[in-house]
Amino acid sequence: MSGFLLDTNIVSELRKGTRGDAGVRAWVGGVEPEELFVSVLVLGEIRQGLERIRLRDQVQARNLERWLQGLTRDFADRILPVDERVADKWGRLGLQQPAPVLDSLLAATALVHDLTVVSRDEDGYKNTGVPVINPFSKNEE
C-alpha cells in the first residue's frame, strides 16, 4: 500500500471547507481520495474534542457528530487500526529521542503501511523515519 496518512490537524482543516488553508485544499485536491487514509487514533482524537465541546455547546456538538459520522463513512475502508504490527513498530521507534505517543503511533502506522504522514506538526515526527508532508501555506503558519 502507498498513500498518505492524515494527521488530525489536516482532517480538521478540511472540515473548514473554503475557509481552510489554501495549501491544504490544493494539496488534497491533487491527490486521489483512495490514496488518503486516517488512523483510528485520529478518529479518537476528534471524538475527544467533540465530547469536550458537548459539555458547553450541544448544537455545535451535534454538528460535529454529523461531520464525524460522515468522515467515518467516507473513509470506511481507509481507516487503519493500531494492530500488533503497528504496536511492534511503535515499540522500536525513537528509543534515544522518543516522540509524543500519538505522533509516534501514527508514524508507526504509516511505516507499517508504507504511507507518508501529512501533518502541520513536522516536529512531532522527528526521529521516527517516516516521511512527512506539511501542505499548509507558509504564510498561514
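The values are calculated or read from the model by the stated rules, or taken from the named source; none is laboratory data. For clarity, every value in this text was computed on a predicted model and none was experimentally measured. Positions of Cβ are generated from backbone atoms using ideal geometry, with glycine treated the same way; all protein chains shown enter the neighbour counts.
Among what's in region 8-30 and is free of Cβ contacts under 8 Å to residues at least 40 places away in the same chain and under 28 Å from Ala87 (Cα atoms), pick the residue that is surrounded by the fewest Cβ atoms within 10 Å (Cβ to Cβ).
Ser12
Do you know which residues across region 34-68 are free of Cβ contacts under 8 Å to residues at least 24 places away in the same chain and under 23 Å from Gly3 (Cα atoms)?
The one that is free of Cβ contacts under 8 Å to residues at least 24 places away in the same chain and under 23 Å from Gly3 (Cα atoms): Gly44.
In region 15-57, what residues are part of a helix (DSSP H, G or I) and touching a strand residue (DSSP E or B) at 6+ places or on another chain (Cβ under 8 Å)?
Trp27, Val28, Glu34, Glu35, Val40, Val42, Leu43
Just one of Leu95, Leu111, Leu80 is surrounded by fewer than 11 Cβ atoms within 10 Å (Cβ to Cβ) and farther than 15 Å from Asn9 by Cα; which is it?
Leu95
Name the pairs whose Cβ atoms lie under 9 Å apart, with the first residue in region 108-129 and closer than 18 Å to Ala87 by Cα and assigned to a loop (DSSP other than H, G, I, E, B), the second of a type in the set (Phe, Trp, Tyr) and at pLDDT 95 or above, and 6 or more positions between them or separate chains?
What qualifies is His113/Phe37.
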